[in-house]
Amino acid sequence: MRVIGLMSGTSYDAVDAAAADLRLDGDTLVLKPLGMVSASYDGKLREALAAALPPAAVPLAEVCRLDTLIGRAFAATAVRADRELCGGRGELVASHGQTVYHWVDSGRVHGTLQLGQPAWIAEATGLPVVADFRARDVTAGGQGAPLVSLVDLLWLRGRAGTPVALNIGGIANLTAPDGTAFDTGPGCALLDAAAREFSGGRLAYDADGALAARGRPDLRLLDRLLAEPYYALVPPKTTGKELFHAGYLRAAGVDGLPAPDVLATLTLLTARTVADAVRSVGATEVIASGGGTRNPVLMSRVRELLPHTAVRTSDQLGLSAAAKEAYAFAVLGFLTAHGLPGTDPRSTGARHPSVLGSLTPGREGLRLPPAPRVGPVRLVVAV
């Protein structure tokens, strides 16, 4: 089955589409990557989305508007992916949507909201669409995240030692072989917020860690940031920009500090919280993906803090670090279409595994493949 996975993460800078040929071979799921395309949100939509994210309060009219505009952006990228990557022969789209709120109270997730109306995608592509993946796990008592953990568990099974999959997006998360999975804290969220604040909105992020490379960490600021109670919570746990945003930085006391020093401190904060999480699960190897892997200063810090742990990117295992999460949602969409669970309760804390998402029929209605007798226990990337 040719599946297009659509993803826009907590950095909300672009829509990524990764296409894959997926097939079950006994208890093995074989993934053949077909490539990735990406389209940046236009400036006005990105500004509107940024203005609507927590802690902002927005009217329902704006929520409706964003749901439509994000849906259209996802649809346009899906059409392009079907044409350029699948030769117009795509069979299913799996859309993560754009997370705008993750309702966490006292460590429990009560709800989650992803925008990007899937009907726009189905109408534009003619293909059935699986969307709204996270809600079902939340209703089963889970965190609704990190959902890529099941894919990581299948992918890393049988690998020597104790490998962990690490994704560094706006928020960073990891998955360990025993099923432990959680958000480690801010990936690039605070870095991006600081870059925008100090540049008056001119910079969306610290490209290549250039600002951080010119600064020195402020250890007093670092200590204040590390006192955040989230880091002491026991997994499973999730967080988001509801916590880590520009107001959080201001409350931490960054006023009066040079921008490079603040960026250097925040880079060390991300590296430190990632390294602490990696050590907590006894990892012998880190396989990293996400936009944060393109920041050489951040990755250098992570490696410095984990001198006895191999740190490599998912590219070295056949999955593009930039596209890995989009591929993961393609896998989750495939599982849903086949009536197979897309969660591991050890990772999300749910009471049971769940078949994820809601299905929007394509132009020819909804024709689901027969459910296999057994679900996959491993994932192999066919390079």
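How much accessible area per residue does the stretch 338-383 have, in Å², with a 1.4 Å probe?
Result: 61 Å² of accessible area for each residue.
Add +1 for every Lys or Arg and -1 for every Asp or Glu among the other residues with Cβ under 10 Å from the Cβ of residue 120, and state the total.
Net charge around residue 120: -1.
At 7 Å along the Cα-to-beta-carbon direction for both residue 383 and residue 51, put a label point, then send me their distance in nm to one decimal.
Each label point lies 7 Å from its Cα, and together they span 4.7 nm.
So which lysines can residue 241 reach, going by Cα to Cα under 27 Å and dropping same-chain residues fewer than 8 places off?
Reachable lysines: 44, 324.
Tell me the Kirkwood hydrodynamic radius of the stretch 183-322 in angstroms, computed as one over the mean inverse distance between distinct C-alpha pairs.
Taking the inverse mean of 1/r over all distinct Cα pairs, the stretch 183-322 comes out at 15.4 Å.
Compute the projected area of the convex hull of the Cα atoms of the stretch 191-240, averaged over all viewing directions, and report it in nm² to one decimal place.
4.7
Based on the Cβ-Cβ distance of residue 63 and residue 231, what FRET efficiency does E = 1/(1 + (r/R0)^6) give at R0 = 30 Å, to the nearest 0.05?
The computed FRET efficiency comes out at 0.45.
Could you tell me the calculated FRET efficiency between residue 251 and residue 373, based on Cβ-Cβ distance and R0 = 56 angstrom, to the nearest 0.05?
Here the calculated transfer efficiency is 0.55.
Computed from the coordinates I sent, semi-axes √(5λ) of the Cα gyration tensor in Å equals one of [x] 31, 28, 21; [y] 32, 24, 19; [z] 31, 28, 24. Tell me the label.
So the structure-derived entry is [y].
Quick check for you: with a 1.4 Å probe and neighbouring chains kept, what is the accessible area per residue of the stretch 61-166, in Å²?
Spelled out: the 1.4 Å probe surface of the stretch 61-166, per residue, equals 38 Å².
Calculate, in nm to one decimal, what residue 178 and residue 366 gain on full extension: separation in residues at 0.36 nm each, minus their alpha carbon distance.
Stretched fully, the residue 178-residue 366 segment lengthens by 64.1 nm.
At a 1.4 Å probe, what is the % contribution of carbon and sulfur to the accessible area of the chain?
53
The values are calculated or read from the model by the stated rules, or taken from the named source; none is laboratory data. Computed from a prediction, not measured in an experiment: that's the story for all the values here. FYI the Cβ positions are ideal-geometry reconstructions off the backbone, even for glycines, and counts take in every protein chain you see. Side chains are part of the model used for accessible areas, which takes the heavy atoms of the whole protein and leaves out ligands, DNA and RNA. Shrake-Rupley method; radii C 1.70, N 1.55, O 1.52, S 1.80 Å.
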